[in-house]
Amino acid sequence: MDKDKDVEILSKETVFKGFFQVDRYRLRHRTFAGGWTEEMVREVFERGHAVVVLLYDPDRDKIAMIEQFRPGAYAAGWHPWLIECVAGMIEEGEHPDDVARRETREEAGSEPSDMVHVGDYLVTAGGSSETCKLYCARVDSSAMGGTHGLVHEGEDIRVFVIDPAEALAMCRDGRINNAMAVLAIQWLIMEKDALRAKWLG
């Protein structure tokens with residue numbers, strides 16, 4: 001399928017614009033059988049694009065995670081303090097690498113000494129255009145901890161350091177239950193030996 005030739009946008013209108021935006025599309029697309037679907041209406045949540053940063057200390061073989069309140073989890077009826085990776089939105093004109101470094105400073109109080117771009121992914125393509133760029137940043141975890149975040153943005157972020165094996169166990173038993181953290185931790189478990197060889201020589 002071709003993104004430009006096999007999708008026909010009949011109309012697009014913005015139906016909500018606040019901190020976020022919702023656009024309503026009337027569209028149709030080509031089917032796998034070669035025809036076209038009926039006209040359909042789809043609303044797309046325009047949240048912007050984000051970076052996610054897994055903080056890893058290869059010298060001590062430790063991961064630094066953060067914990068903070070999330071209103072979406074509360075609205076879903078889940079425990080609203082989530083264990084996550086550092087993350088932040090990419091503003092217009094910003095380079096994702098710079099955002100990753102800034103968010104690491106603001107949310108975890110640490111300055112990455114190196115960083116690798118793991119990959120990009122769609123968060124929930126059925127209804128949102130949001131994408132995430134996933135990084136793994138090299139940090140010194142020896143003095144990491146405490147609370148961080150920007151008070152004027154309502155951030156109250158706890159930082160703590162754990163072993164990679166414990167992080168994986170937290171994914172398995174549900175203590176870590178958000179996609180960005182699960183994805184990042186599983187990637188590290190698979191790539192840790194190669195990453196340590198790269199960073200430690």
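The values are calculated or read from the model by the stated rules, or taken from the named source; none is laboratory data. Bear in mind that the values here come from a model prediction, so they are computed numbers and not experimental data. No Cβ is skipped: glycine too gets one built from the backbone with ideal geometry, and neighbour counts run over all protein chains shown.
Just a few scattered comments:
- The number of residues in region 145-186 that are in contact (Cβ under 8 Å) with a residue 40 or more places away in the chain and not aliphatic (A, V, I, L, M) comes to 11.
- Within region 50-81, tally of residues that are closer than 16 Å to Asn177 by Cβ and in a loop (DSSP other than H, G, I, E, B): 6
- Once region 139-153 is narrowed to residues that are under 19 Å from the mean Cα position of the chain (by Cα) and not acidic (Asp, Glu), the residue that is farthest from Gly201 (Cα to Cα) is Leu150.
- Output for region 148-174, where each listed residue is of a type outside the set (A, V, I, L, M) and closer than 20 Å to Ala108 by Cα: His148, Gly149, His152, Glu153, Gly154, Glu155, Asp156, Arg158, Phe160, Asp163, Pro164, Glu166
- Checked against (1) under 24 Å from Asp97 (Cα atoms); (2) in contact with a helix residue (DSSP H, G or I) (Cβ under 9 Å, 6 or more places away or on another chain), Met170 meets all criteria but (1).
- Single residue of region 2-40 satisfying the filter (among the aromatic types (Phe, Trp, Tyr) and loosely packed, with under 11 Cβ neighbours inside 10 Å) that is nearest to Ser129 (Cα to Cα): Phe19
- Yes/no for Asp98 being free of Cβ contacts under 8 Å to residues at least 12 places away in the same chain, acidic (Asp, Glu) and within 30 Å of Phe20 (Cα to Cα): yes
- First in region 14-42 and within 19 Å of Met89 (Cβ to Cβ), second anywhere and not in a strand (DSSP E or B), Cβ under 7 Å, 6 or more apart: Phe20/Arg47
- Boolean, Ser142 is out of contact with any strand residue (DSSP E or B) (no Cβ under 6 Å at 6 or more places or on another chain), touching a residue at least 40 places away in the same chain (Cβ under 8 Å) and buried (at least 18 other Cβ atoms within 10 Å of the Cβ): no
- Candidate set from region 15-49 (those that are under 24 Å from Ala87 (Cβ atoms) and part of a loop (DSSP other than H, G, I, E, B)); member that is modelled with the highest pLDDT: His49
Conditions tested, residue by residue: (1) surrounded by fewer than 18 Cβ atoms within 10 Å (Cβ to Cβ); (2) more than 26 Å from Gly201 (Cα to Cα); (3) in the same structural domain as Tyr25 (by TED's automatic domain parsing).
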{"position": "Leu55", "(1), (2), (3)": "no, no, no"}
{"position": "Met65", "(1), (2), (3)": "no, no, no"}
{"position": "Tyr74", "(1), (2), (3)": "yes, yes, no"}
{"position": "His79", "(1), (2), (3)": "yes, yes, no"}
{"position": "Glu91", "(1), (2), (3)": "yes, yes, no"}
{"position": "Leu122", "(1), (2), (3)": "yes, yes, no"}
{"position": "Glu130", "(1), (2), (3)": "no, yes, no"}
{"position": "Ala137", "(1), (2), (3)": "no, no, no"}
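- Test: residue in region 127-149 that is of a type in the set (A, V, I, L, M), out of contact with any Asp or Glu (no Cβ under 8 Å at 6 or more places or on another chain) and modelled with pLDDT under 95: yes
- Restricting attention to region 45-102 and to residues that are basic (Lys, Arg) and over 16 Å from the mean Cα position of the chain (by Cα), the residue that is farthest from Leu168 (Cα to Cα) turns out to be Arg60.
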